[in-house]
Each structure stands twice: as structure tokens, then as C-alpha cells.
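Take a look at the structure set out below.
The values are calculated or read from the model by the stated rules, or taken from the named source; none is laboratory data. For clarity, every value in this text was computed on a predicted model and none was experimentally measured. Because the Cβ atoms are built from the backbone with ideal geometry, glycine has one as well, and the counts that use them run over all protein chains shown.
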Amino acid sequence: MKIFTPLFVTLFFVTVTSHAQVSLGIRGGYINTGLESSGNGYAPGTQKIDSWQAGIYTNIPLFKNGYLQPGVSYVEKGAGLDYAVSHPVNLFTSGVTKLKLQYLELPVHLVYKVPVGFGKLLVGAGPYAAYCMRGDYSVSAYSDNKLVQSGSKRVDFKASPNIFGTNMTLQRWDAGLNFIAGLELNCCLSLSAQYGYGMVDIDQSQENNYKNRYWGVSLGFFFDREDW
């Protein structure tokens, strides 16, 4: 299933773009991702981490200067996790330090483009749905307040809790809104900035609230253009 899903999506986009005035593009780049958290249960605090995304999308004209851009993206979200317990002297302790969640994300953007001399300026927004294909987290061990060992563990989405040393029970599904602004150059290249606002609590423990947040910049390329 993991092999056939990306293949099916790719074939779908190729079929759609075979129709007149619909173009196909790819884009990818850097994101800064984190988890917005709240709650009273025992769970680590979070910091943002550097990550990346890549995907394909179609550009479908709807009205003058207005376009629909559905797509599919691989987005690696997550966060740095604070070790929530101090490291006393003469005691061996351990804690979770980083979480990475690999999502297959399906965004649908409504985009408005303004022609300029060297291309088009664009702004847009729209919903997304995402499924976490895999999750990993890092565990670090300390002795006398010094890091002595670190390793990685897979998130078992069937377990509860599923993050070592916390009460976190992460689920696979996510959804929210994306906001995008950028520039399409006449040479088929595009530059864009994006903000992802997760609206689903991905922690099912009922004691804490974790929602995905990220911003990023991407470089893209159109294989063809609907206005050529």
C-alpha cells in the first residue's frame, strides 16, 4: 500500500494535466516546524526544528487570475522535545529530545495571480488533510547531568501511550489550513512562502493538546504553463 499510493497519486496528476489549460508543477524546500502545545498532563515542552517538504501540484484555471491548485506533498513535521525532568548528580536518567513525523499531505489551494513584467505575483489559501506514514523520536540518556548515549525509536501508533517517558498518544491523521504567497517567473520557476496551521489535536491522551505548525520557503518548477 505504501508503494502504490504515491504511484496512484502521480498517475492521477499526469492524467488530469493531459487536458488543455491545466499545468503540472513540482516544488520543495525548507520548513521550520513545531508543535503548539497546551494542557496539564505530564508531557515535554517543545521547540521548533528544521525540516523539509516536497511535492507535486496542478494549476487549474477557474476565472480570470484565479486558479485551483490541488496537490500532494511529503512533509516531515515534528518538534524538539524538552526533557521534562532534571538530571540529578550520581543518577542515570533518560528523556525524549526530538520527534519527527512523516506526513503525506493533500492540500487544495485557491490562488489569485497578479501579472507583472517578469511573471506573476500570487497569494492563496486552502485546507489540507494529512496522514502520518511514519513517526520516529530520539531518546537521550544522561549520567551526572552529561549526555552519554542517544538512540531512535519508532512511534507505535497502536500503543497508548506511544512516546517513551510521557503520556502522549499520537494519532496518524491531521488537518488544517495552508497559506501561500509567492512569485511565478516567466522562465517556469517559482518561489513561494507557506504557513501551515494544524487544527487537529494529534495527541489522543485527552490531557494535552498538540497541533502541528510550520512555515517554509520553496522553489518550484512548471513543466508547462496554462498561459503559454
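The figures follow:
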| read-out | value |
| --- | --- |
| Residue within the range 46-64 that is modelled with pLDDT under 95 and small (Gly, Ala, Ser) present | no |
| Filter result (loosely packed, with under 14 Cβ neighbours inside 10 Å, in a loop (DSSP other than H, G, I, E, B) and not polar (S, T, N, Q)) within the range 43-77 | Gly45, Lys64 |
| Some residue of the range 124-138 being in contact with a Ser or Thr (Cβ under 6 Å, 6 or more places away or on another chain), under 17 Å from Leu170 (Cα atoms) and modelled with pLDDT under 95 | yes |
| Filtered residues of the range 120-149 (kept if touching a Pro at 6+ places or on another chain (Cβ under 7 Å) and among the aromatic types (Phe, Trp, Tyr)) | Tyr128 |
| Verdict on Gly196 being closer than 28 Å to Pro107 by Cβ, surrounded by 20 or more Cβ atoms within 10 Å (Cβ to Cβ), at pLDDT 90 or above and not polar (S, T, N, Q) | yes |
| Answer from Ile163, Ile180 - the residue that is more than 22 Å from His109 (Cβ to Cβ) and under 23 Å from the mean Cα position of the chain (by Cα) | Ile163 |
| Tabulated pairs, the range 189-212, first within 24 Å of Gly119 (Cβ to Cβ), second charged (D, E, K, R) and not in a loop (DSSP other than H, G, I, E, B), C-beta under 6 angstrom, 6+ apart or interchain | Ser190/Glu184 |
| Scan of the range 137-156 for residues that are under 22 Å from the mean Cα position of the chain (by Cα) and exposed (fewer than 15 other Cβ atoms within 10 Å of the Cβ), ordered by number | Ser152, Lys153, Arg154, Asp156 |
| Residue match in the range 83-100 (condition: assigned to a strand (DSSP E or B), modelled with pLDDT of 95 or more and closer than 16 Å to Trp173 by Cα) | yes |
